[in-house]
1. Taking the dipole about the Cα centre of region 2-252, with the C-beta of Lys and Arg at +1 and of Asp and Glu at -1, give me whichever of Leu3, His35, Gly70 is farthest to the positive side.
2. Using a probe radius of 1.4 Å on heavy atoms only, what accessible surface per residue do you get for the chain? Whole Å² is fine.
3. Based on a Kirkwood Rh over C-alpha pairs, give the Stokes-Einstein translational diffusion coefficient of region 2-252 at 20 °C and viscosity 1.002 mPa s in µm²/s.
4. About the Cα centre of the chain, what is the dipole size in debye to 20, counting +1 per Lys and Arg Cβ and -1 per Asp and Glu Cβ, all else neutral?
5. Would you mind computing the Rg to Rh ratio of region 132-186 from its alpha-carbon coordinates, Kirkwood style for Rh?
6. Can you compute the FRET efficiency between Arg247 and Lys163 using 1/(1 + (r/R0)^6), with r the Cβ-Cβ distance and R0 = 25 Å? Round to the nearest 0.05.
7. Estimate the FRET efficiency between Met128 and Ser200 by the formula 1/(1 + (r/R0)^6), using the beta-carbon distance for r and 30 Å for R0, to the nearest 0.05.
8. Loop only by DSSP, 16 or fewer other Cβ within 10 Å of the Cβ. Give me the trypsin sites (Lys or Arg not before Pro) in region 181-255 that pass, ordered by residue number.
Amino acid sequence: MILIKLGGSAFSNKAKPLSFHEEPVRNLALLIKQHGITPVLIHGGGSFAHPVAKAYGLDKGIRDDAQLIGVSLTSLTLSLLNERITSIFSKLGLPTYTIRTGAVFMRTLSGLKLSGDVVDLVRRLVGMRIIPVFYGDVIHDYELGFSILSGDEIMVELAKRLKPRYALFLMDVEGVYSEGPRRGELIRVFKPSTSISYSSSGVDATGGLMGKLKHAIELAEMSVQTYLCSVMDQESISLILTGGEPRGCTRIEAT
Ligand SMILES: Nc1ncnc2c1ncn2[C@@H]1O[C@H](COP(=O)(O)OP(=O)(O)OP(=O)(O)O)[C@@H](O)[C@H]1O
Ligand SMILES: C=C(C)CCOP(=O)(O)O
């Protein structure tokens, strides 16, 4: 089993609301087709969801009824984005089945809860060679009313239950760099003790690269082989999918 997070940076520019680049998504779909695999796909919110979620302060929960329209608008833009992504897969003859994240995940006082039958459904879909699709979403929160669940956190939650062999985080950059995006050296192996400089765009509602690395380390701690790669690095992604070591990418190690 393989979990793939298609990051918002891979297909959009978060600073430009509703921007969308088809080519990286097509690239990933072609690779999946070429290798004949059926991963579980999780996509981020990118330029569709982050600017709206941030504008309505949804990353801090609901404090005012005026924010509720922001919940609708964030859901709406995510549905539109999901349609754009899955239709690229469909055009290439790759079947997908979207499971609306906010309808199956809730944040309770004791942590994230996933509806009972969803894991069974995911296994069945993969068995039928239909790609299950989730996405970072605005979800019901017992304490805050609504809060944001990032695609990176979904990776961890699904991995706890599905025990995948690989987790791939695809972005616009080749991996983690020592001095910021494409600055300094590309770190080949990132450990919890590795220190880097990073930047985060002002419209990010889920913690940017630091949040991603925290979740990636949790995956590595579960013995899932975890990599951060550029969505355009076909050679490295192919090598990972065939059990090899990629030339590019950052591999995450737990210790
Ligand atoms: N040191 C660094 N090395 C690599 N990338 C970095 C670094 N510091 C900041 N970044 C930025 O982190 C971004 C990836 O994190 P981001 O949270 O945007 O992930 P994503 O999963 O692609 O997006 P989304 O949350 O919308 O799904 C890259 O686009 C890059 O510009
Ligand atoms: C901003 C929203 C609603 C989605 C967050 O998911 P992410 O892009 O994976 O961080």
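The values are calculated or read from the model by the stated rules, or taken from the named source; none is laboratory data. None of these values were measured; they are calculated from a predicted model. Cβ coordinates were reconstructed from backbone atoms using ideal geometry, including for glycine residues, and neighbour counts include every protein chain displayed. Each accessible area value is taken on the protein alone, full model and side chains, heavy atoms only, with ligands, DNA and RNA left out. Shrake-Rupley method; radii C 1.70, N 1.55, O 1.52, S 1.80 Å.
1. Positive-most Cα among the choices belongs to His35.
2. For the chain, the solvent-accessible area averages 45 Å² per residue.
3. 118 µm²/s
4. Dipole of the chain, to the nearest 20 debye: 440 debye.
5. Rounded to two decimals, Rg over Rh is 1.10.
6. Plugging the Cβ-Cβ distance into 1/(1 + (r/R0)^6) gives 0.35.
7. 0.15
8. Arg182, Arg183, Arg188, Arg247
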